[in-house]
Amino acid sequence: MHLAAQAGVRYAMENPGSYVHSNIAGLVNLLEVCKNANPQPAIVWASSSSVYGLNNKVPFSERDRTDQPASLYAATKKAGEEIAHTYNHIYGLSLTGLRFFTVYGPWGRPDMAYFFFTRDILKGKTIPIFEGANHRTVARDFTYIDDIVKGCLASLDTAEKSTGSGGKKKGPAQLRVFNLGNTSPVPVTDLVTILERLLKVKAKRKITKLPRNGDVQFTHANISLAQRELGYKPTTDLQTGLKKFVRWYLSYYSGGKKASG
Ligand SMILES: O=C(O)[C@H]1O[C@H](OP(=O)(O)OP(=O)(O)OC[C@H]2O[C@@H](n3ccc(=O)[nH]c3=O)[C@H](O)[C@@H]2O)[C@H](O)[C@@H](O)[C@H]1O
């Protein structure tokens, strides 16, 4: 399971090299080692919903176009999917890419909106909430970490063996891509309302135009393929997931850094 990456859509404009280094060079390094191994391992790795980019056909299906990335981050994840195709084709590596949709929860990433909104609401700091052109709502298919973990484990359980060894292909191998989302997009303004209720603090909201730095207006996963092939079935709505996150956050940052999970 390969989850190491430079993540985040907006940071790609500040440090583009780190995305090329981790998401492209890092992936190729890993695949080089795997292809030469004997036996070759099967690999499950993290792609991203951001590969759908400017695609506006919703919900996003694995068959939809992914050739219009809106950020360098998305472009490096898309490149990863093409690189996976190459290593599968030439060396018989079994590869599964998982397109994660805005994953959140305890022990999450502090650079993500739900996380720093929580921090800034508690500090009384103003939070910028993006809206699209003509005041259109920005929404995400926020997906809770425990549901994602189940999808990851099911991908590992159903991964077929690689067919090559020692750098030589011996037959066709499995090549898969799955959406792992929640299938229930929620406007970012609703996310903030839920946080306000859970934190019992009113947020200082500043509605701002969606910057042209890679953010897309809307994500929504079609998960029928993952449902069929992996038995993937997310069960956590945003309200329930954020409740668990806030409980963890308050416990983790209340001095002793002891998280109850
Ligand atoms: O699924 C993915 O493919 C990606 O998911 C995540 O990206 P995003 O969906 O963009 O999450 P995140 O930054 O938390 O912004 C959430 C929402 O808040 C809005 N947003 C954000 C910042 C802000 O200041 N204001 C705001 O309204 C913003 O417009 C957005 O609507 C991962 O970071 C990324 O690694 C990748 O895996």
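Summary of values
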quantity: Fraction of accessible area attributable to carbon and sulfur, region 10-255 (%, probe 1.4 Å); calculated: 55
quantity: Net dipole in debye of region 10-255 [+1 Lys, Arg Cβ; -1 Asp, Glu Cβ; about Cα centre; nearest 20]; calculated: 560
quantity: Cα Rg, Dmax, the chain, angstrom units; calculated: 19.2, 61
quantity: Which of Ala79, Val20, Leu191, positive extreme of dipole for the chain (C-beta unit charges); calculated: Leu191
quantity: Most mobile listed residue (Gly26, Gly214, Gly181) in the chain, GNM with C-alpha springs under 10 Å; calculated: Gly26
quantity: Rg followed by Dmax, in Å, when region 30-107 is reduced to its Cα trace; calculated: 14.1, 43
quantity: Karplus (6.51, -1.76, 1.60) ³J(HN,Hα), θ = phi - 60°, over region 152-161, in Hz, Gly and Pro reported as x; calculated: 5, 5, 5, 5, 5, 5, 9, 5, 7, 5
quantity: Dipole magnitude of region 118-203, debye to nearest 20 (Cβ charges: Lys/Arg +1, Asp/Glu -1, about Cα centre); calculated: 340
quantity: Accessible area (Å², per residue) of the chain, counting only protein heavy atoms and a probe of 1.4 Å; calculated: 49
quantity: Filter on Lys206/Lys243; Lys35/Lys169; Lys35/Lys168; Lys35/Lys150; Lys123/Lys206; Lys78/Lys150 - keep pairs with C-alpha separation over 19 Å; calculated: Lys206/Lys243; Lys35/Lys150; Lys78/Lys150
quantity: Sequence-separation-based contact order of region 10-255, relative, with Cα cut under 8 Å and 6+ spacing, percent; calculated: 27
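The values are calculated or read from the model by the stated rules, or taken from the named source; none is laboratory data. As the structure is a computational prediction, the values presented were derived from the model and not from experiment. Counting neighbours? That spans all protein chains shown, and the Cβs are built from the backbone with ideal geometry, glycine included. Accessible surface areas use protein heavy atoms only, side chains included; no ligands, DNA or RNA. Shrake-Rupley method; radii C 1.70, N 1.55, O 1.52, S 1.80 Å.
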